[in-house]
Amino acid sequence: MTTDVSNRSPDPAHHAETTKPPPGSRGSDYAALCREVRQSGLLRRRPVYYCVKVGANLLLLAAGWTAFMLIGQSWWQLLTAAFLAAMFTQTGFIGHDAGHHQIAASKRVNNVLGRVHTNLLIGLSYGWWIAKHNRHHSHPNHVGRDPDIADGAIAFTQEHARIRSGAYAWLARHQAWLFFPMLLLEGLALHVAGVRALFDRNGAATSRKTKLADAGLLTAHLGGYLAALFLVLSPVQAVCFLLVHQGLFGLYMGCSFAPNHKGMPMFAKDDKIDFLRRQVLTSRNIRGHRFVDFALGGLNYQIEHHLFPSMPRPSLRHAQELVRTYCTRHDIAYHETGLFHSYAQVVRHLHMVGGPLRPELEY
């Protein structure tokens, strides 16, 4: 199924935290789908699920740090680093759910949970991430609007690749091969970006109160994290632990988010497309069972998540058939594939983007 993205009505205003139809879309395809989903009860809060989820996650995180303290100076701590990398990512998933107000009915409760899990427990700036992530949800894969495809270490469009030179051009030329190794730096990059936002007057986190809250919790995390490493381990072991822990954290986090939109259709800055198609056509679902749901934090239901950001994580799998059937009825392409196949699609896209910088002999 294909959908023409030209001559669409103007983009409806939409905030990523709400599941109400965008203004002016009462009679739109999305509004009709939204009514079906609401009537199914899939937008109701799931307090029991999240109480168990949050509680179990905190226990496992505490168990990891307890094991770290008990093992002491030992190279076996690198296994602890790997375990804590996985737990940091799972904790980040809970912060993500809180940021979308999936957990509680109260915005304040969600924000408290988000800041505790994101700033304090894993050292990422909640305020910076929320502002950035909401812009992504409003305009996924929309050049010039989606911050997740802005020109950076990775070039996501050939236009970005063509203007590069020197080492930056070499990176874009080989980015398909370097993508997964570069994810080892993603954890550190997220830490740095969050801290930089605190000092940027024109940055995403503009509220003074938000910045102070983020700064206090980030300082507590960083101080406690470094103190634990260098008081318990030898200096060399501490540095190795940090590299393994943050590297695997970034790799796991990156591998969880990479399949969602990379390699899916992209819209030029002036393209007009309605909300429903903007979210569905740019998103990719990942097939799998409960283990995939757990490992990817529910992000494998990316289409449903983008259509209904505040839908609780356990409801996404139940919404899938409803949304897929609705898309079929309206001739909207609904893309779903296996996890490893999705990575292949991402790599192929990055290879294509770097094409203009490679010798003509490759073509």
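The values are calculated or read from the model by the stated rules, or taken from the named source; none is laboratory data. Please read all numbers here as calculations on a predicted model, not as lab measurements. All Cβ positions, even for glycine, are placed from backbone atoms using ideal geometry, and neighbour counts span all protein chains on display. These area figures cover heavy atoms from the full protein model, side chains too; ligands, DNA and RNA do not enter into them. Shrake-Rupley method; radii C 1.70, N 1.55, O 1.52, S 1.80 Å.
What to note about this one:
- Accessible area (Å², 1.4 Å probe, nearest 10) - D271: 50 Å²
- Phi to ³J(HN,Hα) by Karplus 6.51 cos²θ - 1.76 cosθ + 1.60 over segment 151-162, Hz, x for Gly, Pro: 5, x, 4, 9, 8, 9, 9, 5, 4, 5, 5, 5
- H289/Y168 FRET efficiency (R0 45 Å; Cβ-Cβ; nearest 0.05): 0.60
- The listed residues V37, V116, V54, once ranked by accessible area (1.4 Å probe) with the largest placed first, stand as V116, V54, V37.
- Estimated dipole of segment 178-307 in Debye, rounded to 20 [Cβ of Lys and Arg +1, of Asp and Glu -1, Cα centre]: 260 debye
- R0 of 25 Å, Cβ-Cβ distance A227-F199: FRET efficiency to nearest 0.05: 0.60
- F180-R317 pseudo-label distance in nm [points 7 Å out on the Cα-to-Cβ vector]: 2.6 nm
- Per residue accessible area of segment 215-299, 1.4 Å probe, in Å²: 40 Å²
- Computed accessible area, V236, all protein chains, 1.4 angstrom probe, square angstrom: 90 Å²
- When you count the other C-beta atoms within 10 angstrom of each residue and take the mean per peptide, 59-69, 118-128 line up highest first as 118-128, 59-69.
- Pairs of Cα atoms nearer than 8 Å and 6+ residues apart set the relative contact order; for segment 253-363 it is 33 percent.
- Helical contribution to [θ] at 222 nm, DSSP H n ≥ 4, -39,500 (n - 2.57), averaged over the chain, rounded to 500: -19000 deg cm²/dmol
- Among 312-322, 84-94, sorting by the average number of other beta carbon atoms lying within 10 angstrom of each residue, highest first, gives 84-94, 312-322.
- Relative contact order computed over the chain (Cα-Cα under 8 Å; 6+ residues apart), in percent: 28 percent
- Counting only protein heavy atoms and a probe of 1.4 Å, the accessible surface of the chain is 64% carbon and sulfur.
- Cut-off under 5 Å, modelled amide H: who pairs with H142 long-range: F267
- Contour excess over end-to-end distance, with Cα ends at T337 and V236 and 0.36 nm allotted per residue: 32.1 nm
- The slack between A268 and L188, meaning 0.36 nm per residue of separation minus the straight C-alpha distance, is 25.7 nm.
- Using the Karplus relation 6.51 cos²θ - 1.76 cosθ + 1.60 with θ = phi - 60°, the per-residue 3J(HN,Hα) values for segment 354-359 come to x, x, x, 9, 9, x Hz, with x marking Gly and Pro.
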